[in-house]
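Engineer: Quick one: this structure, given as structure tokens, is what I'll be asking you about.
The values are calculated or read from the model by the stated rules, or taken from the named source; none is laboratory data. It should be emphasised that the depicted structure is a prediction, and the values quoted were computed from it without experimental measurement. Cβ coordinates were reconstructed from backbone atoms using ideal geometry, including for glycine residues, and neighbour counts include every protein chain displayed.
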Amino acid sequence: MNECILNAGRLPPSLLARLGERFELLMLPDAAEREGFLAMHGARVRGIVTSAAVGVEAALIDQLSELQVISSFGVGLDKLPLQRAHQRGIAVGYTPDVLNDCVADLGFALLLDVARRIAEADRFVRAGAWPRAAFPLARKVSGARLGLVGLGRIGRTIAQRSSGFEMAVRYHSRRPVADVAWTHEPDLRALAEWADYLVVITSGGPETRHLIDAGVIDALGPDGVLINVARGSVVDEHALVQALLDGRLGGAGLDVFADEPNVPEALFTCDRVVLTPHIASATRETRQAMADRVFDNLDAWFSSGRLISAAAPA
């Protein structure tokens, strides 16, 4: 009999179909029906499949006595109970590396868009304003100073992208990263003061909540641009909105928000802000690669007892 897998996330239909062919796939019901469902099926569940946006509650895994593995669609780990899973001996898989390029591409696209005012210029032309007025000047990207908050896989890819624009690069992380040429800046506010463009690409979770606070935003200043392709929780969204409205921050490119899919309406009228609906990894190629990794992690675990991409314990 095939292993019993429980889907607790929002996953592509094609992936669910593939999982259903390889495993006995159960769908986690709504809260009202969950207790009875788990009483009937919980003892058979050996794996959970979910998405980074949804995650898994520790209380759920505690109700699954035979659970061996969790396979998550995405790289975010802040909604996965890593410590509890480690205590239980439950392996946790995720999908790093396969989305580095597309997330980096979108981060750089947002930077270019805000700096060169591309979306704003598009609205200007569509509104028929060009015959009546000159469009405002934009900012140069080539040769500018790029600050990175985080230098993991995606941060490094963004830094590599910047070399084509001959940008100076510095980064902030808890400790210097070995074997890189870019300068480590241990003081985040100092990095913000130095940077023309500050790209946030660090992990989410309690340790980085509001890491980008009012002080960092003010250090970036009225000519600075903030790009966030990490997690909405990393930025103090209220402080960000207020700084943009007050003109204390030059612009922002945001793919993630504190309360998705809800976006502060005050941002809708800010011309120097580009908003995207959490689409950094949303290309056909990358989403297929992510789906393949979710499947392959489960298949490898039940075939060999090892994951292709294992998340380290919290």
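Engineer: Could you run through segment 177-200 and say how many residues are free of Cβ contacts under 8 Å to residues at least 60 places away in the same chain and either more than 21 Å from residue 100 (Cα to Cα) or not in a loop (DSSP other than H, G, I, E, B) (or both)?
Structural biologist: Of the residues in segment 177-200, 16 are free of Cβ contacts under 8 Å to residues at least 60 places away in the same chain and either more than 21 Å from residue 100 (Cα to Cα) or not in a loop (DSSP other than H, G, I, E, B) (or both).
Engineer: Can you tell me which residues in segment 207-237 are touching a Ser or Thr at 6+ places or on another chain (Cβ under 9 Å) and either free of Cβ contacts under 8 Å to residues at least 40 places away in the same chain or over 24 Å from residue 153 (Cβ atoms) (or both)?
Structural biologist: 208, 209, 210
Engineer: Being of a type outside the set (Val, Ile, Thr), assigned to a strand (DSSP E or B) and within 16 Å of residue 299 (Cα to Cα) is the filter here, so list the residues in segment 18-61 that pass it.
Structural biologist: 24, 25, 46, 47
Engineer: Give the residue that is farthest from the chain's Cα centre (by Cα), with candidates limited to residues of segment 153-172 that are β-branched (Val, Ile, Thr) and either more than 19 Å from residue 115 (Cα to Cα) or surrounded by fewer than 19 Cβ atoms within 10 Å (Cβ to Cβ) (or both).
Structural biologist: Among those residues, the one meeting the criterion is 157.
Engineer: Moving on to the next point. Which pairs turn up if I take residues in segment 238-261 that are assigned by TED's automatic domain parsing to the domain that holds residue 201 and look for partners that are among the polar types (S, T, N, Q) and part of a helix (DSSP H, G or I) with beta carbon separation below 7 Å, at least 6 apart in sequence or on another chain?
Structural biologist: Qualifying pairs under 7 Å: 258/233.
Engineer: How do the pairs read when you match residues in segment 51-65 that are under 15 Å from residue 37 (Cβ atoms) with residues anywhere that are part of a strand (DSSP E or B), using Cβ under 7 Å and keeping only pairs 6 or more apart or on different chains?
Structural biologist: The qualifying pairs are 64/45.
Engineer: Take residues that are without any contact (Cβ under 8 Å) to a residue 60 or more places away in the chain and closer than 21 Å to residue 289 by Cα and tell me which of the helices (runs of 4 or more DSSP H) falling wholly in segment 74-151 contain 1 or more. Spell out how you get there, then give the answer.
Structural biologist: Working: elements: 82-88, 100-116, 118-126.
Once the helices (runs of 4 or more DSSP H) in segment 74-151 are filtered for at least 1 residues that are without any contact (Cβ under 8 Å) to a residue 60 or more places away in the chain and closer than 21 Å to residue 289 by Cα, what remains is 100-116.
Engineer: Follow-up. Kindly evaluate residue 294 against the criterion of being touching a residue at least 24 places away in the same chain (Cβ under 8 Å) and in a helix (DSSP H, G or I). I'd like the intermediate steps shown before the answer.
Structural biologist: Values: touching a residue at least 24 places away in the same chain (Cβ under 8 Å): yes; in a helix (DSSP H, G or I): yes.
Criteria met by residue 294.
Engineer: Suppose we keep only residues that are assigned to a loop (DSSP other than H, G, I, E, B) and at pLDDT below 95 within segment 202-249. Which one would you say is nearest to residue 83 (Cα to Cα)?
Structural biologist: 205
Engineer: Filter segment 47-73 down to the residues that are surrounded by 19 or more Cβ atoms within 10 Å (Cβ to Cβ) and not β-branched (Val, Ile, Thr) and list them by number.
Structural biologist: Across segment 47-73, the qualifying residues are 47, 51, 52, 55, 60, 64, 67, 71, 72, 73.
Engineer: Looking only at segment 152-176, which residues are of a type in the set (A, V, I, L, M) and either assigned to a strand (DSSP E or B) or touching an Asp or Glu at 6+ places or on another chain (Cβ under 6 Å) (or both)?
Structural biologist: Across segment 152-176, the qualifying residues are 168, 169.
Engineer: Turning to a different aspect of this structure: Going through segment 255-273 one residue at a time, which ones are more than 17 Å from residue 102 (Cβ to Cβ) and outside any helix (DSSP H, G or I)?
Structural biologist: Scanning segment 255-273 gives 257, 258, 259, 260, 261, 262, 263, 264, 270, 271, 272, 273.
Engineer: Restricting the search to segment 173-188, which residues are closer than 14 Å to residue 216 by Cβ and under 22 Å from the mean Cα position of the chain (by Cα)?
Structural biologist: Across segment 173-188, the qualifying residue is only 188.
Engineer: Which condition breaks for residue 252 when tested against (1) touching a His at 6+ places or on another chain (Cβ under 9 Å); (2) crowded, with 20+ Cβ neighbours inside 10 Å; (3) hydrophobic (A, V, I, L, M, F, W, C)?
Structural biologist: (1)
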